[in-house]
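Structure, as structure tokens:
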Amino acid sequence: MKTGFKTAAALSAALFATTTMQAQADAGDALVGGVIGGIIGGAIVNENNKRRTVTRKVYRKPVYSAARAENREVQTALNYFGFPAGAPDGVMGRRSRTAVSQYQAALGYPPTGYLSQYEKSFLLSSYNRAIVGGAVTNQQIASVGTRGLLLQYRDQAAGVVTPAPQAPQTTVVVAPTPQAVAPQPAPTTTEVASPPVMALKDEGTALPNFLGGGSGLSLASHCNTVSLLTNTNGGFTQLASMSDPNVVLNEQFCLARTYAIATGEDLASGVQGVGTDQIAAQCQSFGPVMKDHVAALSLKSSGEVLQGVSGFILTTGMAPQQLAATAKICLSVGYRTDDMDVAIGSGLLLTALGERVYAELMGHHLSQGFGATQRSDLAGQWYTMAIDALDAGQPAVFAPGQSERTELIRTASSWGTGGKAGTMTAPVQPASALPSFNVTK
């Protein structure tokens, strides 16, 4: 009995010990598992934190493209007038500031390296003025250089008249000597024999012209009359109702003039720093420069005239695209100011540059007698040239929305104008008799 109790007690104790050890082991495993789980979880969280990308928005002050564009224009103008500003990238760095200082010093301004509004405006307007000047500007640069040209612009802005570098004083002094031939002995006449010839030659090109610009009637006034008649008749003449080809040609001439003025004014609005009056003054140089070719329009065939104009273009030193844009602006000025030399000269340049649709204008001037001698035979060559260009696919520049305009001009010009044009216009003086003006830029 006692032995059984002891055995039971021993088994009970062993069972308790086993249970206790198992419980402790389970508790220990749980503890270890919790610690390990915490470590792994923390590692995952830390790794996620490491991989997390933080995006931050940084707001920077925008660089306005207009300001950079203006800076590029300033740099281009500085380079043109001989103040090296480097590549025109729109960033006013050290080199550009140095060029600004040189520009300011050359014109007598404080060399701060920073342009005032007036200094900037004068620089840009002078550059645009020089570019529009074309061949005349090149002649001035050849004599005084680009910086000298800029100084001339400055003096003109200040109201200081800069005389052109000429040497007519020797001929002026010698000119009176023929009056002293009678009382003076022979040596005086032999000494002055050659100079008077030069003096007479110079004066021969300045013949008086009492008809002003050389045109008996104003084209602007003529087109006002044509417009009034067109409105009275209910609109432009249609191909089906055409009875007088001269009426059709006059209507289309004035219509083309209107489109030419509008196109040129639109282009001129994009020229910065140069006013309308300045552009008009500079376009006057087209008259003297192109006078020989304008005169040839009334005397030679279209091919011969364009050959001469093409040779002149090669001497300008201007890119064809730039010269074409300038010619379109001056064509507008010529028609707006009733200067037929400028208008015809500009039209000839455009035609010679490949824009053959402008040949129509030469046909109108020859058929109607404005700025050229009335020559319907020569006019037909120019009309045909323009019509062929349109037929070949060259875009129309005058009234492109008028579908039957080409056929109208084709029919009216082939019909012949005869003497009818003279009833509406007056003959013109030869362009070669017009005075030559040197426009100082």
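Here the stretch 397-412 is the region considered, the condition is being modelled with pLDDT of 85 or more and over 20 Å from Pro245 (Cβ atoms), and the residue that is surrounded by the most Cβ atoms within 10 Å (Cβ to Cβ) is Val397.
Exactly one residue out of Gln278, Gln282 is in a helix (DSSP H, G or I) and surrounded by fewer than 19 Cβ atoms within 10 Å (Cβ to Cβ): that is Gln278. Among residues of the stretch 237-266 that are without any contact (Cβ under 8 Å) to a residue 40 or more places away in the chain and within 11 Å of Tyr335 (Cβ to Cβ), those with a Cβ under 8 angstrom from a residue that is hydroxyl-bearing (Ser, Thr, Tyr) and in a helix (DSSP H, G or I), sequence gap 6+ or separate chain, pair up as Cys254/Ser227. Report, ordered by the first and then the second residue, all pairs with beta carbons closer than 7 Å, sequence separation of six or more or different chains, a first member in the stretch 325-350 that is outside the structural domain of Cys223 (by TED's automatic domain parsing), and a second member that is at pLDDT 95 or above and part of a helix (DSSP H, G or I). Every condition considered, no pair remains. Scanning the stretch 94-125 for residues that are under 21 Å from Gly145 (Cβ atoms) and not in a helix (DSSP H, G or I) gives Leu107, Gly108, Tyr109, Pro111.
Within the set Val333, Val309, Val342, Val357, the sole residue that is within 23 Å of the chain's Cα centre (by Cα) and more than 28 Å from Asn138 (Cβ to Cβ) turns out to be Val357.
Contact map, the stretch 295-314: first residue over 12 Å from Thr351 (Cα atoms) and touching a residue at least 60 places away in the same chain (Cβ under 8 Å), second residue β-branched (Val, Ile, Thr) and in a loop (DSSP other than H, G, I, E, B), Cβ cut-off under 6 Å, separation 6 or more or different chains; pairs are Ser298/Thr373.
Let's see how each residue does on (1) among the polar types (S, T, N, Q); (2) closer than 30 Å to Ser346 by Cβ; (3) at pLDDT 85 or above; (4) not assigned by TED's automatic domain parsing to the domain that holds Asp277:
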| position | (1), (2), (3), (4) |
| --- | --- |
| Lys61 | no, no, no, yes |
| Ala77 | no, yes, yes, yes |
| Arg94 | no, no, yes, yes |
| Gln117 | yes, no, no, yes |
| Phe122 | no, yes, yes, yes |
| Asn128 | yes, yes, no, yes |
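The values are calculated or read from the model by the stated rules, or taken from the named source; none is laboratory data. In this text, all values refer to a predicted model and were calculated from it rather than measured experimentally. Virtual Cβ from ideal backbone geometry, glycine too; neighbours counted across all protein chains shown.
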